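Chemist: Structure in structure tokens, see below.
Only the coordinates and a few stated rules stand behind these numbers; no lab work does. A quick note: this is a predicted structure, and the numbers were derived from the prediction, not measured. Cβ placement follows ideal geometry from the backbone for every residue including glycine, while neighbour counts extend to all protein chains displayed.
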Amino acid sequence: MTNGNDGSNGHMARNGVNGASFDALIEHPGLISYLTSLGLDNAELTELSHLLRTGKDEELVRVIRGMGAKVPVRDLEQWDVDTGHRTIKLYMVEEQQILREVYQSFFSTHPVIKLMKASGDTSEDALKKAMVQLKPDVTMLGVRTLGIRAVDSLEAIREASAEVGLVLTFAAYDAPGIKALREFSMDSPAGCAYLLKHTIDSVDQLAQVIYSVVQGRIIVDPSVMDALISTGDSYGVPLSRLSP
């Protein structure tokens, strides 16, 4: 591989790729810092930028392999070259149509969070299928009531993808559901958030939760936390104490 200089503005070029790709990459220090930290030189940065922009996935993989696998393909695909941000792939499942439409409208144009799919189907088969096909970074599951069925849905998601972050929102919950959620949470390797719907003030707040979850953090609504702690190992918790 050879390096070139256009002689007029000092832009690096490689294999016929002009300096525009390198210019675009330079404008986004987050992405260039990440790639540079992997040991890539200017020519390699230019070529990867060009391939990302043109969507030439097969060629991208070939070039990466030629670089000695310095760049994890999955990590590179998560960067949006146009914005310079690491994109977060979101799969959103919401039982309530009005909320689903609000979230879909907001996230469909979000600069960082990429909505892969919005659905109202919370069946285990649908969830598993979507996880395999979409490979999201975060799955947001919204249900009316947190019961055993909702936790079964979480189990299905986790079974299909152990590393996916989870955001669970619900309007109400019962004792069996809280107990099941407690047991599920004891063996959860990724970030997660359990939120009561009425405590979410804005979609921007929800976006911040998604950012935190993808970083591996755990966020639990205070009243939900109280219920999880109080439940212990028995079902004998008054339902009034578990109401939002």
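Chemist: Got a sec? Charge dipole of region 87-242, +1 on Cβ for Lys and Arg, -1 for Asp and Glu; which of F170, A130, T145 is way out at the positive end?
Modeler: Value: A130.
Chemist: Karplus couplings for region 192-197 from phi (6.51 cos²θ - 1.76 cosθ + 1.60, θ = phi - 60°), rounded to Hz, Gly and Pro as x?
Modeler: 7, 9, 10, 10, 7, 4
Chemist: A further question on this structure: Counting only residues 5 or more places away or on other chains, whose amide H sits under 5 Å from the amide H of A193 once H atoms are built in the peptide plane?
Modeler: Answer set, sorted by chain and number: L166, V167, L168, I219.
Chemist: Let me ask something else about it. Kindly count the pairs of lysines across region 87-242 whose alpha carbons are less than 19 Å apart, treating pairs on different chains or eight or more residues apart as eligible.
Modeler: Close lysine pairs under the 19 Å cut-off: 10.
Chemist: I'd like the FRET efficiency for E159 and T199, computed as 1/(1 + (r/R0)^6) with the beta carbon distance as r and R0 of 35 Å, rounded to 0.05. Before the final figure, lay out each step's value.
Modeler: Values: r = 29 Å, r/R0 = 0.82.
Once the sixth-power term is evaluated, E becomes 0.75.
Chemist: Would you grab the residues whose amide H sits under 5 Å from the one on K117? Only those 5+ places off in sequence or on another chain, please, with H modelled 1.01 Å from N.
Modeler: Under 5 Å from the amide H of K117 lie the amide H atoms of M92, each far enough along the sequence or on another chain.
Chemist: Based only on other Cβ atoms within 10 Å, what is the fewest-to-most ordering of T139, T145, T231?
Modeler: Ascending number of Cβ neighbours within 10 Å: T145, T231, T139.
Chemist: Give me the net charge of R144's neighbourhood, meaning all other residues with Cβ under 13 Å from the Cβ of R144; Lys, Arg count +1, Asp, Glu -1.
Modeler: Net charge around R144: 0.
Chemist: List, in order, the whole-Hz ³J(HN,Hα) value for each residue of region 123-128 obtained from phi through the Karplus relation with A = 6.51, B = -1.76, C = 1.60 and θ = phi - 60°; use x for Gly and Pro.
Modeler: Couplings: 5, 4, 4, 5, 5, 4 Hz.
Chemist: Ranked by Cβ crowding within 10 angstrom, fewest neighbours first, how are K197, K117 ordered?
Modeler: In order of increasing Cβ crowding within 10 Å: K117, K197.
Chemist: Tell me the label-point distance for the pair I219, T109, using the 7 Å Cα-to-Cβ offset, in nm and rounded to one decimal.
Modeler: 2.3
Chemist: For M186, M140, M116, M225, what's the fewest-to-most ordering of other Cβ within 10 Å of each Cβ?
Modeler: M186, M225, M116, M140
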